[in-house]
Amino acid sequence: MPWDPVKYGHFKRERSAPFFDALQLVQDVKPGLSVIDLGCGTGELTRHLADRLPDATVVGVDNSAEMLQEAGTFTRDGLSFVVRSIQDQLALPGQWDLIFSNAALQWVPDHEWLFPAVIDKIKPGGQLVVQMPAQHHNIANRLLLQTAASAPYEQALKGFKRTSPVLDTDRYAQLLFRHGGTNITALEKIYPLIVEETEEVFNFVAATGMIPYMEALPEELKAPFVADFKARIAAYFPDRPIFYPFRRILLSARF
């Protein structure tokens with residue numbers, strides 16, 4: 001099941017707000033930086049990143065060809081895009097003055113390995129800036145796991161569940177420090193999603209978190225799975241309007 005940039009874009013304002021907070025963490029903006037955006041999506045926000053960095057060479061990397069179909073709109077001198085997974089990018093030679101990642105690293109497993117591997121790609125004096133959802137705390141992720149663990153889906157999924165690799169914020173601070181980080185920022189912030197209907201909460205989650213389950217389930221169980229997940233959301237949020245506290249982690253350090 002490919003990523004759907006249209007569905008993902010339905011909550012453009014809500015998804016963009018954490019990016020701009022992360023952008024404010026970029027320090028020592030000077031001409032000529034080499035920059036990579038890991039998991040750049042459609043490329044629109046990468047263009048904002050590039051526009052803030054004078055004369056920088058910025059590369060956006062994403063493994064979804066569907067998401068990158070729009071990237072040509074944002075390409076300019078000094079800004080390019082490539083279809084490539086984050087793991088494949090980290091396996092290539094080269095280092096960067098700034099490694100930036102917005103709402104992407106939560107899809108890469110084993111963060112105890114991942115963060116040192118990313119840090120190893122930062123030039124001396126360079127910076128890492130990361131924003132990602134605190135998936136282990138967010139309500140919809142917990143409800144999704146509960147749905148997947150119930151009958152008949154657990155049997156059909158053969159034990160598969162998309163357990164988030166995201167660590168606690170204090171562990172990221174430790175990893176940054178242990179691998180040479182200074183000027184460390186490690187914080188959580190709630191970005192409220194305020195909507196009128198359960199369907200809107202579902203749609204917010206479906207653009208990302210539902211994808212692995214729709215890929216793994218047999219066709220005849222996909223619609224019942226969606227209906228049961230929606231019922232759990234409705235039971236958890238009986239009041240209107242719905243206030244959904246979406247929690248995100250923002251990290252920054254120099255190396």
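The values are calculated or read from the model by the stated rules, or taken from the named source; none is laboratory data. Remember, it's a predicted structure, so these values are computed and weren't measured experimentally. Because the Cβ atoms are built from the backbone with ideal geometry, glycine has one as well, and the counts that use them run over all protein chains shown.
Please specify each residue of the stretch 194-214 satisfying the condition of being in contact with a strand residue (DSSP E or B) (Cβ under 8 Å, 6 or more places away or on another chain) and buried (at least 16 other Cβ atoms within 10 Å of the Cβ).
Going through the stretch 194-214, the residues in contact with a strand residue (DSSP E or B) (Cβ under 8 Å, 6 or more places away or on another chain) turn out to be 194-198, 200-201, 204.
Of everything in the stretch 194-214, those that are in contact with a strand residue (DSSP E or B) (Cβ under 8 Å, 6 or more places away or on another chain) and buried (at least 16 other Cβ atoms within 10 Å of the Cβ) turn out to be Val195, Thr198, Glu200, Val201, Phe204.
To keep it simple, each residue is scored yes or no on (1) farther than 30 Å from Gln24 by Cβ; (2) touching a Lys or Arg at 6+ places or on another chain (Cβ under 7 Å); (3) among the aromatic types (Phe, Trp, Tyr).
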| site | (1), (2), (3) |
| --- | --- |
| Glu188 | no, yes, no |
| Pro192 | no, no, no |
| Pro212 | yes, yes, no |
| Glu215 | yes, no, no |
| Val226 | yes, no, no |
| Lys230 | yes, no, no |
| Ala234 | yes, no, no |
| Pro245 | no, no, no |
**Q.** Scope the stretch 191-208; condition at pLDDT 90 or above, of a type in the set (Val, Ile, Thr) and part of a helix (DSSP H, G or I); matching residues
**A.** Thr198, Val201
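Would you be able to say whether some residue in the stretch 186-193 is farther than 24 Å from Arg13 by Cα, surrounded by fewer than 20 Cβ atoms within 10 Å (Cβ to Cβ), among the basic types (Lys, Arg) and out of contact with any Cys (no Cβ under 6 Å at 6 or more places or on another chain)? If you could, list the steps in order and put the result at the bottom.
The initial filter retains those residues of the stretch 186-193 that are farther than 24 Å from Arg13 by Cα, namely none.
Within the stretch 186-193 (the criterion being farther than 24 Å from Arg13 by Cα, surrounded by fewer than 20 Cβ atoms within 10 Å (Cβ to Cβ), among the basic types (Lys, Arg) and out of contact with any Cys (no Cβ under 6 Å at 6 or more places or on another chain)), the answer is no, since none of the residues qualifies.
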Q.
Suppose we keep only residues that are within 24 Å of the chain's Cα centre (by Cα) and without any contact (Cβ under 8 Å) to a residue 60 or more places away in the chain within the stretch 234-255. Which one would you say is nearest to Leu193 (Cα to Cα)?
A. Phe243
Q.
Go through (1) over 19 Å from the mean Cα position of the chain (by Cα); (2) in a helix (DSSP H, G or I) for Leu176 and report which single condition fails.
A. (1)
Q.
aromatic (Phe, Trp, Tyr) and out of contact with any helix residue (DSSP H, G or I) (no Cβ under 8 Å at 6 or more places or on another chain): which single residue out of Phe243, Phe225, Phe255, Phe229 fits that description?
A. Phe243
Q) Hey, does the stretch 234-254 have a residue that's surrounded by fewer than 21 Cβ atoms within 10 Å (Cβ to Cβ), part of a helix (DSSP H, G or I) and in contact with a Ser or Thr (Cβ under 8 Å, 6 or more places away or on another chain)? A) yes
Q.
Return the residues of the stretch 44-56 that are in contact (Cβ under 8 Å) with a residue 24 or more places away in the chain and more than 20 Å from Val118 (Cβ to Cβ); say none if nothing qualifies.
A. Glu44, Arg47, His48, Arg52, Pro54, Asp55
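Scan the stretch 138-153 for residues that are touching a Pro at 6+ places or on another chain (Cβ under 9 Å) and closer than 23 Å to Ile242 by Cβ and jot them down.
Those that are touching a Pro at 6+ places or on another chain (Cβ under 9 Å) and closer than 23 Å to Ile242 by Cβ: Asn138, Ile139, Asn141.
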Q | Any hit, the stretch 160-171, residues being over 20 Å from Ala186 (Cβ atoms) and at pLDDT 95 or above | A | no
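Would you point out the residue of the stretch 26-51, among those that are in a loop (DSSP other than H, G, I, E, B) and within 17 Å of the chain's Cα centre (by Cα), that is surrounded by the most Cβ atoms within 10 Å (Cβ to Cβ)? Steps first, answer last, please.
Step one: filter the stretch 26-51 for residues in a loop (DSSP other than H, G, I, E, B), giving 26-33, 39-43.
From what's left, within 17 Å of the chain's Cα centre (by Cα): 39-43.
Numbers: Gly39: 25, Cys40: 28, Gly41: 24, Thr42: 24, Gly43: 24.
This residue is Cys40.
Checking the structure you have, find out if any residue of the stretch 223-233 is part of a loop (DSSP other than H, G, I, E, B), hydrophobic (A, V, I, L, M, F, W, C) and over 23 Å from the mean Cα position of the chain (by Cα).
Residues of the stretch 223-233 that are part of a loop (DSSP other than H, G, I, E, B), as a first pass: none.
No, every residue in the stretch 223-233 fails to be part of a loop (DSSP other than H, G, I, E, B), hydrophobic (A, V, I, L, M, F, W, C) and over 23 Å from the mean Cα position of the chain (by Cα).
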Q) Going by the conditions given, is Glu154 without any contact (Cβ under 8 Å) to a residue 24 or more places away in the chain, of a type in the set (Asp, Glu) and farther than 19 Å from Pro18 by Cα? A) yes
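Specify which of the listed residues (Val58, Val26, Val83, Val6) is more than 24 Å from Gly126 (Cα to Cα) and at pLDDT 95 or above.
Val83
Which of the residues spanning the stretch 57-80 are closer than 26 Å to Leu114 by Cβ and either surrounded by fewer than 21 Cβ atoms within 10 Å (Cβ to Cβ) or in contact with a Lys or Arg (Cβ under 7 Å, 6 or more places away or on another chain) (or both)? Break it down into steps so the answer makes sense when it comes.
From the stretch 57-80, those closer than 26 Å to Leu114 by Cβ are 57-68, 71, 79-80; that's our starting set.
The answer is Thr57, Val61, Asn63, Ser64, Ala65, Glu66, Leu79, Ser80.
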